[in-house]
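**Student:** First the structure, then my questions, so here it is.
The values are calculated or read from the model by the stated rules, or taken from the named source; none is laboratory data. Everything numeric in this text was worked out from a predicted model, so none of it was measured. Virtual Cβ from ideal backbone geometry, glycine too; neighbours counted across all protein chains shown. Side chains included, ligands, DNA and RNA excluded: accessible areas come from the protein's heavy atoms. Shrake-Rupley method; radii C 1.70, N 1.55, O 1.52, S 1.80 Å.
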Amino acid sequence: TGTVEVGEEGSRCGRPVTLLVESSVPPPRMLVFGAIDFAAALARIGAFLGYRVTVCDARPVFATARRFPEADEVVTEWPHRYLEAQRDLDARTVVCVLTHDAKFDVPLLERALRLPVAYVGAMGSRRTHLDRLERLREAGLGEAELAALRSPIGLDLGGRTPEETALSIAAEIVAVRHGGSGVPLAGAHTPIHRPLG
């Protein structure tokens, strides 16, 4: 919301006119794949950060609105099919892959890493990550596309619970969004607040 002052030429009475201009930008999207406890915690923090959160899983027994009350929508669909059908993804969209299963992860990441989105992260151990990279190479992804993958997902906060893990993922998303380093501010020689833009 903002105001614009129109000069005398825009007024019938010869005095400047002030117009109220309101622009409405939809909230950024957070797509969470894998209806697990970590996803419920991530949906909560995603909503807190202002994202429109979607949780998607192919298994209807897990993908229920009751399990994810903070999500804006819960979808039962194969993750890669759901992603392919989306037309409103943009450079603010974040994709969090928590399925931890190659049959879901690989076709999903193959598509996600080719989209112009802000962030693509995938859960898993370092061993799982290396195996996943090989599978993605076999699927035809190049090194530049693979370099965009944040895996293992999140910053190293030492957390273990779903809530602590969600916090580490959200911290990485915020750092990527604003160009932060993720290092402690104490002892760092970088500005605390970066310029908007």
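**Student:** (1) open to solvent by 10 Å² or more (accessible area, probe 1.4 Å); (2) within 27 Å of residue 160 (Cα to Cα); (3) at pLDDT 95 or above: which one isn't true of residue 108, the others all being true?
**Tutor:** (1)
**Student:** Whether any residue in segment 137-149 is closer than 14 Å to residue 32 by Cα, surrounded by 17 or more Cβ atoms within 10 Å (Cβ to Cβ) and in contact with a Leu (Cβ under 7 Å, 6 or more places away or on another chain) is what I want to check.
**Tutor:** The answer is no; no qualifying residue exists.
**Student:** Does segment 43-52 contain any residue that is at pLDDT 95 or above and closer than 19 Å to residue 124 by Cβ?
**Tutor:** No, there is no match, as no residue in segment 43-52 is at pLDDT 95 or above and closer than 19 Å to residue 124 by Cβ.
**Student:** Sticking with this one: Check 57, 72 and return the single one that is open to solvent by 70 Å² or more (accessible area, probe 1.4 Å) and in contact with a helix residue (DSSP H, G or I) (Cβ under 8 Å, 6 or more places away or on another chain).
**Tutor:** Only one candidate qualifies: 72.
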